[in-house]
Every structure is written in structure tokens, then in C-alpha cells.
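Reading through the C-alpha cells given below for one structure.
The values are calculated or read from the model by the stated rules, or taken from the named source; none is laboratory data. The structure displayed is predicted, hence computed values, not measured ones. Cβ coordinates were reconstructed from backbone atoms using ideal geometry, including for glycine residues, and neighbour counts include every protein chain displayed. Protein only, heavy atoms only, side chains kept; ligands, DNA and RNA dropped before computing areas. Shrake-Rupley method; radii C 1.70, N 1.55, O 1.52, S 1.80 Å.
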Amino acid sequence: MKTLVLGGSRFVGKALVEKLIKKGFELTLFTRGRNPLPNNVFHIEGDRNTDAINKLKGMKFDVIIDSSGRNLDQTKKIIDITGPPLHRFLYVSSAGIYKDCFTWPLKEGDEIDQYSRHIGKAHTEEWLRLSKIPFTSFRPTYIYGPGNYNPIEEWFFDRITNNRPIPLPLDGNTITQLGHVNDLAEAMAISIENKNAINKIYNCSGK
């Protein structure tokens, strides 16, 4: 399938691109050109928050994967330029949109924190749902793995190697889940070819 990936050169996007190449997808990557790319993709260099995004005019895709969008305007701009994808719009959201809750596990229909720094992702999901664009959205928890640019693993190992305790929030019973980037990428890749995933939102974490 002819696929546009917004991002795709580091961490989640990179892991997903590797899996889609193996599946034979025809990939176009729109990135700022700061990281190495696989040889067998078509690359368009630019910052999506500038007029460079207009380089996508006239291009149509079966699948659009937004791995770098943080707010609704960014995603709507892509659809305005390319039109809706013929098959699926895949969106990387965040489990950080949920309101604090002590009833576990959190479900996809649980209350959203309107003051979350990730609220733009929740707005994007709602717009995709109302727009009737066939989409699948993933809400990962803390992601770890190769290429991570957030100090998730580093934070734990730094404390362990320096004989410092690992602090637990509140009474120590609060659950925090981690998910490996390759597991997230695999779930996303599988969802593209699964009709049951159309117009669904999935929490995604490790066991």
C-alpha cells in the first residue's frame, strides 16, 4: 500500500517503518532530515509546521501514519493537502490524556484530562471519529527501547547503579506501565491490515 509516514526516522516511527518495509509497503517519509533513513523509501524533507508541508500537494495515499502530530491543526493540515487516505489513518496518541484515576485498569472510554499536555491528541482522535475518516489510534504508556530520546530507561538504571532507591508514588500501589517500542510498532502494523481495527482506539502497553 502507498503509505505516508509523518516522522518515521526516530523511535516509534522508525520502528514502525522497519516493520512496514518488511511487509512490502511503498513508503514516503516526511521528516526534517536530521536522521538517517532506509534506502528503500521516498523522502520529502521539511518541517510539518512550515510551508514545507505543501510539498505533499497532489499526492494521494492509501495509508497515512501520523507519528509526530501533537495537535488537531497539524493533522487537519495534512488531510487538507492530501485528502483522506483511501484505506486508513493511523495515529499515535498517548495514555497521558487520561484524568487521574485509581480504578484499574484504565479503559479507552475513561475520562480525559482536559488540562493534559497531550489534550491535542484527544482532540485529534475526536475529529477523526466525527470526520468519518477510517482511522486507528494507539494510546501507548511510557515507551522504552532502542532510539528512545526520553530518559525512561536511563532514569531507572542511573539510580540502580548509584545505589539510590526507586521512589514509588503515594502508598506504593499505584501502577505505572511500560511498553517496548517494537511491541507498539508491531501492534500498529498489524492493525493496518485488520478490518476490525477500523475506527478503534487502543490502549497499548507491555505486560
Margin query: For a quick check of understanding: with a 1.4 angstrom probe and all protein chains in place, what accessible area in square angstrom does SER137 have, to the nearest ten?
Written below: 0
Checklist line | Calculated Rg and Dmax of the stretch 142-207 using C-alpha coordinates, Å | finding: 15.8, 49
Notebook entry, point to check: Once phi is turned into θ = phi - 60°, what whole-Hz ³J(HN,Hα) does the Karplus curve with 6.51, -1.76 and 1.60 give for every residue of the stretch 36-42, x standing for Gly and Pro?
Noted result: x, 10, x, 6, 9, 10, 9
Margin query: I need the calculated FRET efficiency for the pair ASP62 and ARG164, taking r as the beta carbon distance and R₀ as 35 Å, to the nearest 0.05.
Written below: 0.10
Margin query: Output needed: percent of Cα pairs per 10 Å distance bin for the chain, bins running from 0 to the one holding the longest distance.
Written below: 8, 33, 36, 17, 6, 0
Check: Expressed in nm², what is the orientationally averaged projection area of the convex hull enclosing the Cα positions of the stretch 38-84?
Finding: 3.7
Check: Pairing the Cα long axis of helix 119-131 with the longest principal axis of the chain, what angle in degrees results, from 0 to 90 and rounded to the nearest 10?
Finding: 40
Next item on the list: Roll a 1.4 Å probe over the protein chains and send me the accessible area per residue for the chain in Å².
Entry: 58
Note to self: Can you tell me the orientation of helix 72-82 relative to the chain, as the angle in degrees between its alpha-carbon axis and the longest Cα principal axis, to the nearest 10?
What the structure shows: 20
Next item on the list: Normalising by the residue count of the chain, find the relative contact order in percent from Cα pairs under 8 Å and 6+ residues apart.
Entry: 21
Margin query: Let me spell out the model: positive unit charges on the Cβ of Lys and Arg, negative unit charges on the Cβ of Asp and Glu, origin at the Cα centre of the stretch 61-207. What dipole size does that give, in debye rounded to 20?
Written below: 220
Next item on the list: Scan the stretch 141-188 for chymotrypsin sites (Phe, Trp or Tyr not before Pro) in coil per DSSP, keeping those whose Cβ has at most 14 other Cβ atoms within 10 Å, and list them by number.
Entry: TYR149
Notebook entry, point to check: Given H placed 1.01 Å from N in the peptide plane, which residues other than close sequence neighbours of TYR98 have an amide H under 5 Å from its amide H?
Noted result: ASP113
Margin query: Give me, ordered by chain and number, the residues 5 or more places off LYS200 or on other chains with an amide H under 5 Å from its own placed amide H.
Written below: PHE135, SER137
Note to self: Using a 1.4 Å probe on the protein heavy atoms, what percent of the accessible area of the stretch 6-103 belongs to carbon and sulfur?
What the structure shows: 45
Checklist line | Computed P(r) (all Cα pairs; the stretch 98-163; 10 Å bins; percent) | finding: 16, 34, 32, 14, 3, 0
Item checked: Packing-based ranking, highest mean first, of 48-58, 13-23 given that Cβ atoms within 10 Å are counted -> 13-23, 48-58
